[in-house]
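Input: a single structure, listed below in structure tokens.
The values are calculated or read from the model by the stated rules, or taken from the named source; none is laboratory data. All of these numbers come straight from a predicted model, not from anything done at the bench. Using ideal geometry, Cβ is built from the backbone for each residue, glycine included, and neighbour counts are taken over all protein chains shown. For accessibility, only protein heavy atoms count, side chains too; no ligands or nucleic acids. Shrake-Rupley method; radii C 1.70, N 1.55, O 1.52, S 1.80 Å.
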Amino acid sequence: MDIALIGNPNTGKTSLFNNLTGSYEYVGNWSGVTVEKKVGQFKNKKDKLIDLPGIYSLNPLSKDEGVVTQFLLSEHVDKMINILDASQLERNLHLTIQLLEYGKPVVIGLNMVDVALKRGLQIEPNHLSNQIGIPLTPVIARTGKGCDLLAEAVTSERMSEPNARIVNYGIEIEEAILRFEQLLDNKSSRSARWLALQMFEGNQYVKKYVKNYIESEKLDQFLVEIKDTVKRSTGVSIDQFIFQKRKETIDQIMADAYIKREQIKTPLSEKIDAIVTNKILGLPIFFLLMYLMFMLTFDWLGFPLSDLLDAFITGTLSNTIENLLNAAGASAFIHSLILDGIVAGVGGVLVFVPQIFILFFFISLLEDSGYMARVALVMDRLMEAVGLNGKAFIPMMIGFGCNVPGIMAARTIETPKERLLTILLTPLMSCSARLPVYALFVGAFFVQQKAFIVLSLYILGIVVALVLAKLFSSTILKGETSFFVIELPPYRLPQFQALWRSTWDKGKGFVKKAGTFIFAGSVFIWLLSYIGPGGTDVALDDSYLAAIGGFIAPLFEPIGFNTWQAGASLITGFLAKEAIISTMNIIYFAPDEASLQGLLSDYFTPLAGYSFMVFILLYIPCLATVATIYKETGSKKWTAFSMGYALIIAYLLALIIYQGGRLLGFM
Amino acid sequence: MLGKLKKGEKCRILDISRIDLLVRRRLLDLGITEGTEVCIKCYMPFGGPIMVESCGQCIGIRRVEAVQIEVERL
Ligand SMILES: Nc1nc2c(ncn2[C@@H]2O[C@H](COP(=O)(O)OP(=O)(O)O)[C@@H](O)[C@H]2O)c(=O)[nH]1
Ligand SMILES: [Mg+2]
């Protein structure tokens, strides 16, 4: 059986999904965490559960919401679990009504009963269930309480059809529905009542679907007629009228379900909000939090941990491998491949795992606590000034971890123009794969001001993104109104387990990439450095790698690094940013990070080093990001544009920094 | 108008029909419509968005939209 999980954003769908299926999807406390459908298996191993993005109504405004409507139109579903936030019942029930109209059996999971109780809301599950006319199970998705009962209720064989006529829309609309049924003539397997009502509300996805069965002109004429009729007889537009009718029904349900309300004192959430979204303190608090995050990642905690790991990999681990190789009598070729290629390349990247995990931990903390949506609110004024809205800041923050999910998160932005702009600019956010490059270079050249230099790069990325947003939105992406309405979920104390899982979830990609992509890349790069036009085991400067890198290197003369080594690592950096580190480790034959840093100062001046970091920050989105941009925009033109503009901006800025720095007398 | 109230004041919404259709749809989604009681939580600086609360739920909207919402003070 295919069972779909549907509910408003942030009501705990993913938490419930994880509990019912025993898997770990990504949970967060802001609207739009889940942007695609995810399929899992129930613990009974028979039925499938499908997690979908959160929606307020089946008539979508943004692309992630469209996923659900499209799903209901085109895919098979046997039953649905509708998850309701008990503390926001009225609002949630609008969706429930639409699901009932869809006509498939629905079971309600009443979630957040703990929150509702704290707010002084007492809900009697049996009464509510009777009023709506379908089974209902109270759950606490976060802890798993009640989830077994819900699983039982939904996977049981017997289940009656829901009452699709829970709302009576009055004579005009009800008659129109009957007429539509005749027009459709059983050609679609979806409920005609549901299709009709969705179209009346203006649901474009449904209209497009219905046009497969009914002639376009005939349908349009039918819709115009009913819209006119309703407007004339009620004085309001048809979508408003439908909304009102549903609201009346909901008010009736709420009144009959004996829901008790008590007045209680100000919830903690509002007290916190009084501080973090404070008129004066809001922005400073945000910057302070960012500063703490960077200091912990780069200075106080991350650096020492990375050093320890480095010592382990280049010391104990390398020695053990060397001894093993000697004992096995490996050839010089194998010896060099493993130690100079794989250990140097993969190990050089793995060293940064602690820092990357710390960064991901903070991003998860921001997401799960509910602060993310506040950041969007606090940032909206600034973003509006550059032609975006505050919501665009969330993908950018996520982009600090990895650009790929950042770009996906842009789906929650309702207006196509702002969404496209966000997709194009998110790659400028310095993702965690760029972090090893900075760590290496600041270690070599800027030991005293480590965190400050890295922070300057992150800020540069943001500033460039804002300036370009202004530029693009007033030139190539003009027009279209901006739009900003955001739901601010109550703060929730993140659970340690959930935090750890989402940190691990994000971080494991990095580790996995080191074991696959970087591994293969290291072998390949090592081979290129081992062979050359003159045969195998050539001097490094005569290798193919030197030839390839040397070919493009002169281009970088004006920005300070005309060496084939830099050229070669920039090419591999397109595949994955951390491959730059692997390449350098292999090229410079450095046994460990410290000696690589020593070597670097022979090839770069500090100024050239900074120019190199700026170039790395901006020059091109990595391969995976490019693929995501293409998938999300569906346009070759914009994908090419995202690479092209980045290259130009990177070169320009590096040029200004290097040449300007030299004029000012820096080295 | 909603955008003209002071922080901490409560009001009831009378008319939202003047706002842009998209914004109105989103407000309806969030349960904000004629008859809803809301309370102003705070104003962001430099003419930024305002935060309002209704039924224990906080929402951020821009000031341009807020001034198009007719309300009565409670
Ligand atoms: N207090 C409480 N919090 C919950 C409950 N269920 C989920 N949450 C929290 O609500 C937030 C949103 O959960 P998530 O599963 O991502 O919701 P989704 O957006 O619907 O997928 C997370 O911070 C969860 O920890 C619950 O029953 N009680
Ligand atoms: Mg989710």
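Condition check ((1) among the acidic types (Asp, Glu); (2) crowded, with 24+ Cβ neighbours inside 10 Å; (3) over 20 Å from B:GLY60 (Cα atoms); (4) assigned by TED's automatic domain parsing to the domain that holds A:VAL35) across all residues:
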| site | (1), (2), (3), (4) |
| --- | --- |
| A:ARG381 | no, no, no, no |
| A:GLY387 | no, no, no, no |
| A:GLY390 | no, yes, no, no |
| A:GLY399 | no, yes, yes, no |
| A:GLY406 | no, yes, yes, no |
| A:ARG411 | no, no, no, no |
| A:PRO416 | no, no, yes, no |
| A:ILE423 | no, yes, yes, no |
| A:LEU428 | no, yes, yes, no |
Note on A:GLY560: of the conditions (1) over 23 Å from the mean Cα position of the chain (by Cα); (2) crowded, with 22+ Cβ neighbours inside 10 Å; (3) in contact (Cβ under 8 Å) with a residue 40 or more places away in the chain; (4) under 17 Å from A:GLY345 (Cβ atoms), unmet is (4)
Out of curiosity, is A:SER57 within 13 Å of chain B (Cβ to nearest Cβ), more than 17 Å from the chain's Cα centre (by Cα) and either open to solvent by less than 10 Å² (accessible area, probe 1.4 Å) or away from ligand 2 (no atom under 11 Å from the Cβ) (or both)? yes
Looking at A:GLY282 and the list (1) open to solvent by less than 70 Å² (accessible area, probe 1.4 Å); (2) within 30 Å of A:PHE357 (Cα to Cα); (3) out of contact with any strand residue (DSSP E or B) (no Cβ under 9 Å at 6 or more places or on another chain), which single condition is not satisfied? (3)
Can you name the residue in the range A:10-29 that is open to solvent by 10 Å² or more (accessible area, probe 1.4 Å) and more than 9 Å from ligand 2 (Cβ to nearest atom) and is also nearest to A:PRO405 (Cα to Cα) among such residues? A:TYR24
Strands (runs of 3 or more DSSP E) (entirely within chain B) containing at least 2 residues that are facing chain A (nearest Cβ under 9 Å) and closer than 24 Å to A:ASP239 by Cα: B:57-61
Working carefully through the options A:ASP256, A:ASP228, A:ASP251, find the one that is within 11 Å of chain B (Cβ to nearest Cβ) and surrounded by fewer than 15 Cβ atoms within 10 Å (Cβ to Cβ). A:ASP251
Would you check if A:GLN70 is in contact (Cβ under 8 Å) with a residue 12 or more places away in the chain, crowded, with 22+ Cβ neighbours inside 10 Å and either closer than 26 Å to A:THR412 by Cα or in contact with a Gly (Cβ under 7 Å, 6 or more places away or on another chain) (or both)? no
Determine the pairs where a residue that is among the β-branched types (Val, Ile, Thr), located within the range A:50-62, has a partner that is in a loop (DSSP other than H, G, I, E, B) and within 16 Å of ligand 1 (Cβ to nearest atom) with Cβ atoms under 6 Å apart, the partner being 6 or more residues away or on another chain. A:ILE50/A:LYS37
Just one of (1) over 17 Å from the mean Cα position of the chain (by Cα); (2) closer than 16 Å to A:GLU367 by Cα trips up A:GLU25, so point out which. (1)
Given A:GLY40, A:GLY54, which one is touching a helix residue (DSSP H, G or I) at 6+ places or on another chain (Cβ under 7 Å) and near ligand 1 (Cβ under 9 Å from one of its atoms)? A:GLY54
Can A:SER474 be described as of a type in the set (S, T, N, Q), under 18 Å from A:SER569 (Cβ atoms), touching a residue at least 24 places away in the same chain (Cβ under 8 Å) and away from chain B (no Cβ under 14 Å)? no
Residue that is under 27 Å from A:LEU339 (Cα atoms) and either in a helix (DSSP H, G or I) or open to solvent by less than 10 Å² (accessible area, probe 1.4 Å) (or both), where the choices are A:LEU617, A:LEU570: A:LEU570
Limited to the range A:84-120, what total is found for residues that are in contact with a helix residue (DSSP H, G or I) (Cβ under 6 Å, 6 or more places away or on another chain) and either of a type in the set (S, T, N, Q) or within 15 Å of ligand 1 (Cβ to nearest atom) (or both)? 11
Under 8 Å between Cβ atoms, at least 6 apart or on separate chains: pull out the pairs that start in the range A:295-317 with a residue that is assigned by TED's automatic domain parsing to the domain that holds A:TYR458 and end on any residue that is among the polar types (S, T, N, Q) and part of a helix (DSSP H, G or I). A:THR297/A:GLN355; A:PHE298/A:GLN355; A:GLY302/A:GLN355; A:PHE303/A:GLN355; A:LEU305/A:GLN355; A:SER306/A:GLN355
Run down A:LEU325, A:LEU288 and say which single residue is in a helix (DSSP H, G or I) and in contact (Cβ under 8 Å) with a residue 12 or more places away in the chain. A:LEU325
The range A:127-146, residues that are more than 16 Å from ligand 2 (Cβ to nearest atom) and under 28 Å from A:ARG492 (Cα atoms): A:LEU128, A:SER129, A:LEU136, A:THR137, A:PRO138, A:ILE140, A:THR143, A:GLY144, A:LYS145, A:GLY146
Residue count, the range A:576-597, condition surrounded by fewer than 24 Cβ atoms within 10 Å (Cβ to Cβ) and either outside any helix (DSSP H, G or I) or modelled with pLDDT of 90 or more (or both), comes to 6
